[in-house]
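The values are calculated or read from the model by the stated rules, or taken from the named source; none is laboratory data. As the structure is a prediction and not an experimental result, all values here were calculated from the model. Positions of Cβ are backbone-derived with ideal geometry, glycine not excepted, and every protein chain shown enters the neighbour counts.
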Amino acid sequence: MRKGEAQKSRRKTPWDGVGELTPTQAFLKLHYDEQYKHHHRKVEEREEAELVNSFVPPNCPYCKSANFKKNGYTDSKVQRYKCGCRRTFLATTGTIFDDHKLSISEWMEYCLNLFRHVSILADSWNNKNTYKTSRYWLQKLFLILDGIQDNIILADKVWLDETFYTVISKDIVRNEDGSKLRGKSRNQMCIGVATDKKSTVFLCEGIGQPTQKITYDTFKNHIAPKSTLIHDEDTAHKKLIRELSLRSISYTSRELKGLSDKENPMNPVNRTHAILKLFLDSHSGFLRDDLQGYLNLFALVTNPPDEMLSKVELVINLAFNNPKLLRYRDFYSINTGF
């Protein structure tokens with residue numbers, strides 16, 4: 001990604017301040033400006049009050065007391081509350097919509113773009129936001145989705161396999177002669193993927209080849225005991241199989257070599273690996289510390305509900321019902337790079 005593309009304003013056109021425009025230039029500027037205004041409407045123009053007011057806070061976001069009552073409305077018709085601690089708040093207070101500068105309809109478009117594997121740079125142009133804003137929104141989404149896979153338990157037949165994703169170029173460890181380390185080294189991040197064809201979990205297992213303990217700790221709460229585990233002959237799976245009393249069906253690389261997707265018994269997980277790589281490649285410059293955040297996002301995209309708008313509904317409900325706050329200034333005070 002060129003830094004100039006990240007920094008460039010989405011508000012400007014080449015014809016700002018130009019006195020006389022050609023008909024084509026005037027047309028393009030008019031409609032580009034209209035699109036920008038559409039994505040940056042004033043709060044009172046968004047017609048979101050009814051949605052926000054449908055969520056009643058369970059307690060005061062400041063003191064956690066349930067001793068609060070309604071206290072009129074804001075200028076944009078959003079219900080205001082006042083607590084016994086004398087603080088006033090809204091249903092959005094302490095959520096990703098805290099200052100309400102972020103339009104919920106714009107959040108919908110942002111989520112839909114990500115669900116369709118659009119990069120945050122491309123999204124910043126689509127939604128007429130700065131790249132820094134889109135990146136900040138992504139961190140808010142990661143915060144909401146933290147733990148979204150916790151309750152996924154796979155059962156019956158479960159396919160398990162690991163795939164690897166390279167660290168960013170500046171973090172690559174090399175041999176003394178400058179060549180890259182070979183195999184599943186410190187340059188490879190391990191991603192464990194397990195599916196029962198109904199649901200799928202995507203979990204980071206650290207750097208390089210995982211140990212039996214790492215694999216067991218990663219998947220022990222996601223696979224029902226006495227299920228059938230279909231996998232390769234990776235020794236990292238042994239403790240998981242033993243402790244959960246799993247029936248093991250394993251295949252060697254020699255047995256799988258040359259098989260078509262239809263014939264390959266590991267295809268349910270191999271196909272998921274391929275789609276996951278495409279998703280991660282669309283964000284190829286991402287900070288690897290955020291890998292689990294991207295995996296949680298991909299889990300949301302992959303698992304039910306199937307309809308994209310239903311996934312957005314799930315995200316919005318999580319945002320209001322499980323409030324988490326990340327201030328722009330706080331995020332960028334510790335994340336200065338792109």
Determine which single condition residue 53 fails, assuming it passes every other condition in (1) modelled with pLDDT of 80 or more; (2) loosely packed, with under 14 Cβ neighbours inside 10 Å.
(2)
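Please go through the stretch 227-249 and pick out each residue that is surrounded by fewer than 14 Cβ atoms within 10 Å (Cβ to Cβ) and either more than 13 Å from residue 159 (Cα to Cα) or modelled with pLDDT under 95 (or both).
Start the filter on the stretch 227-249 by keeping residues that are surrounded by fewer than 14 Cβ atoms within 10 Å (Cβ to Cβ), which leaves 233, 235, 242-243, 245, 247, 249.
Across the stretch 227-249, the qualifying residues are 233, 235, 242, 243, 245.
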Exactly one of 277, 311 is among the basic types (Lys, Arg), touching a Leu at 6+ places or on another chain (Cβ under 9 Å) and in contact (Cβ under 8 Å) with a residue 60 or more places away in the chain, and that residue is 311
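Within the group 281, 217, which residue is modelled with pLDDT of 95 or more and within 30 Å of residue 144 (Cα to Cα)? If you could, list the steps in order and put the result at the bottom.
On the way: 281 fails: modelled with pLDDT of 95 or more.
Answer to the check: 217.
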When you go through 326, 297, 309 one by one, which is the residue that is aliphatic (A, V, I, L, M), outside the structural domain of residue 191 (by TED's automatic domain parsing) and in a helix (DSSP H, G or I)?
309
